[in-house]
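Beneath this line is the structure, given in structure tokens, with notes to follow.
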Amino acid sequence: MNETPVNAPVSPAARHRRASLTAQAAASGAALTAGGRRWHRPLLVLGIACGVVALASLLAIPFDDRTIQGENVWIKAFKFGFSFFTYCLSLAWLLSHMTKLRRTGWAFGTLFAVISAAEVAVIVAAAARGEYSHFNASEDAFNQVVQLAFQFVPVMFLANLVIAVIVLFQRIGDKAVTAVVRWGLLLSSLGMFAAFFIVTVGGQGQRTAVDANGNEVPLNAGHGVGDLDGNGMFLTGWSTTGGDMRVPHFIGLHGIQVLIGVAMLLGFLAVRRAWLRDERVRAAVVRWLALGYLGVFATAVVQAVRGQSFVAPDAASLAGYAASVLLAAAGIALAVRKARNAAPAVDAAELPEPALQIR
């Protein structure tokens, strides 16, 4: 008589547990595209409108050869339209997931939307007129309206900061989604804050320039550090002859979109990768990536303040970027290794004891 152990069928409880983990992992990815409640309507509408502005501006470039400082007049409208398109939709999604102080978050989201709409509107209007928007010191009535709209940018920053603080005291979705929201808002707030230093770091440079209509315009300050106007990169306009605080401004502001994309990918990959089904693992990956991203942002700030172009980093800047990437890579590798080592033990715990078959 032989007693041979054979694997019995997986118990219903174990099957249910596995199915539940898989569903949770898939839901984590889906949760980053659909909130439990409706998205913030004003931000959603503004985001879509800004997307239309970006597309229309891009389509206008081949048909309008007017330039300001060698750049097509519609480039700035395209950049701002695209930037607000991505960020307003991200913020609208975020507010739909809030579980505490929802009305407060909703109110500050609306305030952010109103000010953002005014800013994009005056930039588009200035582009259509072929005139400078930022740094324009002209006493023209239209320019006074443009500059007035820009005076509310600090209020927009504070509205975003209030939302970020509110989010710190609540859990949104699973741990991975919560990590995306908290780190993403931190990065975006830092990115907005960096914009305030565009003028102060670059210094005040009063001068006269020519707009797209051939009219002389008094300017005060500029984007570049060390070279106020600089020679701009294609499309971004970032200075190639000096530092430019628009670089860390862009990196920080759009960090939340990077983290959302990564968390979505992790959620969908977890359906086929058992070691990714634990929300703590996905959250750890997001946090390490965010920490490395923060290092890249900080390096870009230092590089710009030093008056160094983003496209011409020296050894110190390269070391800063490399250290940030290596930190994120090492942390993610450690989190993945721990998760993969723990996965077999979890799977084994779900299996029933081998049955004995008597022959």
Using +1 at the C-beta of Lys and Arg and -1 at the C-beta of Asp and Glu, which of 201, 176, 294 has the Cα lying farthest in the positive direction of the dipole of the range 163-320? 176
Hz values of 3J(HN,Hα) by residue in the range 116-122 - Karplus curve (6.51, -1.76, 1.60), Gly and Pro given as x: 4, 4, 5, 5, 5, 4, 6
Once phi is turned into ³J(HN,Hα) by the Karplus curve 6.51 cos²θ - 1.76 cosθ + 1.60 with θ = phi - 60°, what whole-Hz value does each residue of the range 317-332 show in order, with x for glycine and proline? 5, 4, 5, x, 5, 5, 4, 5, 5, 5, 4, 5, 5, 5, x, 5
Nearest-0.05 FRET efficiency for residue 137 and residue 330 at R0 = 56 Å, using Cβ-Cβ distance, is 0.70
Radius of gyration and Dmax over the Cα atoms of the range 100-226, both given in Å: 18.2, 56
Could you tell me the largest-minus-smallest coordinate of the C-alpha atoms of the range 190-348 on each of the three principal axes, in descending order and whole angstroms? 76, 34, 24
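DSSP loop (so not H, G, I, E, B), at most 10 other Cβ within 10 Å: list which trypsin sites (Lys or Arg not before Pro) in the range 232-323 pass both filters.
On the way: sites: 246, 272, 273, 277, 280, 282, 287, 306; in loops: 272, 273, 277, 306.
When the trypsin sites (Lys or Arg not before Pro) of the range 232-323 are filtered for loop state and at most 10 Cβ neighbours within 10 Å, 272 remain.
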Please go through the range 191-276 and write out the chymotrypsin sites (Phe, Trp or Tyr not before Pro) that DSSP classes as loop and that have at most 11 other C-beta atoms within 10 Å. 234
Area accessible to solvent at residue 100, 1.4 Å probe radius, in Å²: 110
Modelled label reach - residue 128, point 7 Å along Cα→Cβ, the range 86-117 residues with backbone N closer than 16 Å: 117
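Residue separation times 0.36 nm, minus the C-alpha to C-alpha distance between residue 168 and residue 61: what's the value? Don't skip to the end; give the middle numbers.
Values: separation 107, 0.36 × 107 = 38.52 nm, distance 4.22 nm.
Once the chain is fully extended between residue 168 and residue 61, it gains 34.3 nm.
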Within straight-line cross-link reach of residue 175, lysines at Cα separation under 24 Å, skipping those fewer than 8 residues along the same chain: 100, 338
For residue 198, solvent-accessible area (1.4 Å; no DNA, RNA or ligand), Å²: 20
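Assuming R0 = 41 Å, what is the FRET efficiency of residue 316 and residue 337, from their Cβ-Cβ distance, to the nearest 0.05? Let's see the in-between values first.
On the way: r = 31 Å, r/R0 = 0.77.
The value I calculate is 0.85.
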Sort 87, 293 by heavy-atom solvent-accessible area, probe 1.4 angstrom, most to least. 293, 87
How large is ³J(HN,Hα), in whole Hz, for each residue of the range 45-56 in order, when computed from phi with the Karplus curve 6.51 cos²θ - 1.76 cosθ + 1.60 and θ = phi - 60°, using x for Gly and Pro? 5, 5, x, 5, 4, 5, x, 5, 4, 4, 5, 5
Under a no-solvent Debye model with one identical scatterer per Cα of the range 51-151, what's log10 I(q)/I(0) at q = 0.10, 0.23 Å⁻¹? -0.34, -1.16
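Can you give me the relative contact order of the range 71-201 as a percent, contacts being Cα pairs under 8 Å and 6 or more apart? Intermediate values should be presented prior to the final figure.
Numbers: 91 pairs, mean separation 35.9, N = 131.
Value for the range 71-201: 27 percent.
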Amide H neighbours of residue 217 under 5 Å, counting only residues 5+ apart in sequence or on other chains, H built in-plane at 1.01 Å? 209, 210, 211
What nm distance separates the two modelled labels at residue 206 and residue 104, each placed 7 Å from Cα along Cα→Cβ? 4.4
Here, residue 265 and residue 196, labelled 7 Å along Cα→Cβ, have an inter-label distance in nm of 3.4
Relative counts (whole %) of C-alpha pair distances in the range 163-220, using bins that are 5 Å wide: 4, 15, 15, 11, 10, 9, 8, 8, 8, 7, 4, 0
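The values are calculated or read from the model by the stated rules, or taken from the named source; none is laboratory data. For clarity, every value in this text was computed on a predicted model and none was experimentally measured. Here Cβ is always computed from backbone atoms with ideal geometry, including for glycine, and neighbour counts include all displayed protein chains. For accessibility, only protein heavy atoms count, side chains too; no ligands or nucleic acids. Shrake-Rupley method; radii C 1.70, N 1.55, O 1.52, S 1.80 Å.
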